[in-house]
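Structure record follows, encoded as structure tokens.
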Amino acid sequence: MLDESGKGRTTPPIIVVFNQKGGIGKTTTSVNLATCLAALGRRVVLVDLDAQSNASTSVGLSSPAATGAYQLLRGEVDVTHACRATPYPNLRLVAGSDDLSWADTEIALKPDPQYVLERALATTPGDVDVVVVDCPPAFGILSVNATVAADVVILPVVPSPLALDGLHKAWWNIQRVRTHFNRDLDTMDILFTMTEDSELMHRLTEAIVASFGSRVLPVMVPRDLKVVEAAARDLPLVVLEPDCQAALSYLRLAELMVGKMAVKGAAPLEDGTHEAALERLRQWRKPPPETGQPPKRPPVRESPPLEPGPAPKPNWDQDLTEQEGDFADTSGHWGWKIGVAVLLVALGAVLGFAFGRWMYLV
Ligand SMILES: Nc1ncnc2c1ncn2[C@@H]1O[C@H](COP(=O)(O)OP(=O)(O)O)[C@@H](O)[C@H]1O
Ligand SMILES: [Mg+2]
């Protein structure tokens, strides 16, 4: 097989979507980029490294995966056996799962822990053209592994007042990985996501472009509520609404990525591929056949039974009665106090009357 990665190995190009910040569009970008690459005729494997598994559900995973990224990282399966089919031709999924929360600890104990994913992806079969990896929202060992294995890193960024600071941090983290573990990583691209047409946003994007220059991709993904709807319906946006502006931006991103891969020897896009890809996405939008049945829910995991609480002490009910008795006694103390008060008032009245009489007689 051809060494397309330029890294002295025979795996296909690996595109990693990373930013240590959460909620900035990593998963949305991974899912829609992978789906668009598939629509462009590339055979794609999407690897979900996030324990939240949102990328997996977005491409149709409806129940917890028995094999996926966790088992791949542990070396229990190769890429072929870690993969499952998706509803979209050319797109296969290495699913995320809850177990990935443990992977950090387990990987750290392995020899050369930063190369675990790269070694695992070396088992990718020859019929895969490109791998897309969705990272968790932290710069832990999983993200380090992903950036070590990467040929291209895409850094999604939402232009906001704090974005520049976060972007510099993420950038320097990738630079460190590059210096120590992945000197062949030559493509680190910034992708603006959730952009809005406002004065403030224009100024912020200009500031980032001034700082990072040509590292900023010539495509932006606008904020669009359809993205949220697509996530809620477990569909890639580019399938739900292929003609909306945000979806077209993701298709453009995929075309840019194919262009970068073509530089490294992969087949370039032919004329008319854009229209063909768009048409394919519209086809994939077909609604599922009506079955008359309610939609199938994923099986609910049984919760472990609750531990029984400590057994009550013997005679606990008697203790309670005694406490009540104490309370009654306490109110008894008030009884004599009230009695004394009444006596004092009566004595005062008698003395007052006697004093009055004496004054009258004198
Ligand atoms: N272009 C967009 N327009 C509107 N909402 C978006 C857009 N991109 C992402 N979102 C929403 O923002 C939230 C975070 O996106 P997500 O891709 O999960 O980020 P991350 O993986 O970085 O945590 C999700 O609810 C997603 O639907
Ligand atoms: Mg995510």
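Key figures
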| read-out | value |
| --- | --- |
| The chain: relative contact order as a whole-number percent, Cα under 8 Å and 6+ apart | 20 percent |
| Under-5 Å amide H pairs with Thr193, H placed in peptide plane, nonlocal only | Val157, Val158, Val221 |
| Most mobile listed residue (Val94, Val345, Val59) in the chain, GNM with C-alpha springs under 10 Å | Val345 |
| 20 Å cut-off, amide nitrogen to a point 7 angstrom out along Asp112 Cα→Cβ, residues in segment 119-142 | 119-125, 141-142 |
| C-alpha long axis of helix 245-263 to longest principal axis of the chain, angle in ° | 50 degrees |
| Dipole magnitude of the chain about its Cα centre (Cβ charges: Lys, Arg +1; Asp, Glu -1), debye to nearest 20 | 440 debye |
| Cβ-based exposure ranking for Lys260, Lys313, in which fewest neighbours within 10 Å come first | Lys313, Lys260 |
| Label-point separation in nm, Thr273 to Val350, each point 7 Å along Cα→Cβ | 11.5 nm |
| Antiparallel bridge percentage (DSSP; both residues within the chain; nearest 5) | 10 percent |
| Using alpha-carbon coordinates, inclination of helix 316-361 to the longest axis of the chain, degrees | 40 degrees |
| Lys, Arg +1 and Asp, Glu -1 on Cβ, resulting dipole of segment 67-148 about Cα centre, debye, nearest 20 | 60 debye |
| Whole-Å distance, taken between Cα centres, linking segment 197-250 and segment 123-176 | 18 Å |
| Cross-link pairs Lys26/Lys110; Lys26/Lys260; Lys26/Lys169 - those with Cα-Cα distance over 24 Å | Lys26/Lys110 |
| For the chain, calculated [θ]222 nm from helices alone, where every DSSP H run of n ≥ 4 adds -39500 (n - 2.57) | -15000 deg cm²/dmol |
| Between 0 and 90°, nearest 10: helix 273-284 axis offset from the chain longest Cα axis | 50 degrees |
| Protection proxy ranking of 71-84, 202-215 - average other beta-carbon atoms within 10 Å, highest first | 71-84, 202-215 |
| Asp112, Asp99, Asp134 arranged by Cβ crowding within 10 Å, fewest neighbours leading | Asp112, Asp99, Asp134 |
| Hits among lysines - C-alpha to C-alpha of Lys286 under 22 Å, sequence gap 8 or more where chains match | Lys226, Lys296 |
| Cut-off under 5 Å, modelled amide H: who pairs with Val47 long-range | Val94, Val132, Val133, Asp134 |
| Cut-off 13 Å (backbone N to label point 7 Å along Cα→Cβ of Thr123), residues of segment 49-71 | 67-71 |
| Residues Ser97, Ser56 arranged by fewest to most Cβ contacts within 10 Å | Ser97, Ser56 |
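Coordinate-derived values only; no laboratory data. All figures in this text were calculated on a predicted structure; none of them were measured in a lab. Here Cβ is always computed from backbone atoms with ideal geometry, including for glycine, and neighbour counts include all displayed protein chains.
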